[in-house]
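Encoded as structure tokens, the structure appears first; notes follow it.
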Amino acid sequence: MDNDGAQGYQGYEGYEEAMRLALAEAVRAGGRGEVPVGAAVVLDGVRPLVMAGNDRETSGDPTAHAEILALRAAARERGGWRLDGCTLVVTLEPCTMCAGAAVQARVDRVVYGAADEKAGAAGSLWDVLRDRRLNHRPEVIGGVLADECGAVLTDFFTRKRM
């Protein structure tokens with residue numbers, strides 16, 4: 001991502017570049033036999049901080065979702081668990097675990113690509129990210145490059161069934 005004179009992301013289209021970084025991670029994860037989900041943590045809306053892809057199968061870790069790995073790496077990079085000023089960008093709507101982690105990390109916003117009607121916790125099945133009972137509620141932007149993000153998942157599962 002270019003950081004010279006950037007003004008930060010504005011609206012839906014501004015997150016496409018970060019989503020393409022997450023998509024590249026998703027493709028890499030799929031190539032390793034992981035469900036192809038990728039995530040990026042972006043600082044102040046312009047600078048990519050870290051990227052990660054799913055790693056549950058390889059690591060044997062049930063928490064090794066792309067979002068969790070990216071949030072952990074971003075916290076190490078920033079030197080603390082509070083990720084204010086950061087945006088979590090992910091190719092698939094976060095599950096309850098990942099949505100909860102985003103709330104706990106205090107990210108400013110969560111941007112996702114494809115909706116997850118079966119397990120999404122950013123409005124599809126649950127809405128953890130905007131739950132008024134929680135002490136932090138990040139901004140949520142969904143549907144960024146949704147068709148491309150969904151196609152990576154569809155292609156992966158179609159090949160797996162063959």
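Percent relative contact order of the chain, based on C-alpha pairs within less than 8 angstrom and at least six residues apart? Answer for the chain is 19 percent. Over the residues of the chain, the helix contribution to mean residue ellipticity at 222 nm works out to -11500 deg cm²/dmol, using -39500 (n - 2.57) for each DSSP H run of at least 4. Leaving ligands, DNA and RNA out of it, report the carbon-plus-sulfur percent of the accessible area of the range 43-162 at a 1.4 Å probe. That share works out to 49 percent. Label zone of residue 59 (point 7 Å out along Cα→Cβ, amide N under 19 Å): in the range 77-105 this covers 77-83, 88-105.
Ranking 86, 95 by solvent-accessible area of protein heavy atoms (1.4 Å probe, all protein chains present), from largest to smallest, gives 95, 86.
Heavy-atom accessible surface of the chain, averaged per residue, reaches 50 Å², computed with a 1.4 Å probe.
By a 1.4 Å probe calculation restricted to protein chains, residue 158 has an accessible surface near 70 Å², given to the nearest 10. In the assembled protein chains, residue 108 presents an accessible area of approximately 60 Å² (probe radius 1.4 Å). Ordered from highest to lowest accessible area with the whole protein assembly present and a 1.4 Å probe, 56, 109, 133 read as 133, 56, 109. Would you work out if the range 88-162 is rounded, prolate or oblate? Take a ≥ b ≥ c from the square roots of the eigenvalues of the alpha-carbon gyration tensor; rounded if a/c is under 1.5, else prolate when a/b is larger than b/c, oblate otherwise. The shape class here is prolate.
Label the range 27-72 by shape, choosing from rounded, prolate and oblate, from the square roots a ≥ b ≥ c of the eigenvalues of the Cα gyration tensor; if a/c is under 1.5 it is rounded, and otherwise prolate applies when a/b is larger than b/c, oblate when it is not. Don't skip to the end; give the middle numbers.
Details: a/c = 3.66, a/b = 1.85, b/c = 1.97.
Judged from the Cα gyration tensor, the range 27-72 comes out oblate (a/c at least 1.5, b/c at or above a/b).
The values are calculated or read from the model by the stated rules, or taken from the named source; none is laboratory data. Keep in mind that what you see is a predicted model, and the values were worked out from it rather than measured. Reconstructed Cβ throughout: ideal geometry from the backbone, glycine too, with neighbour counts over all protein chains shown. Calculation scope for accessible area: heavy atoms of the full protein, side chains included, ligands and nucleic acids excluded. Shrake-Rupley method; radii C 1.70, N 1.55, O 1.52, S 1.80 Å.
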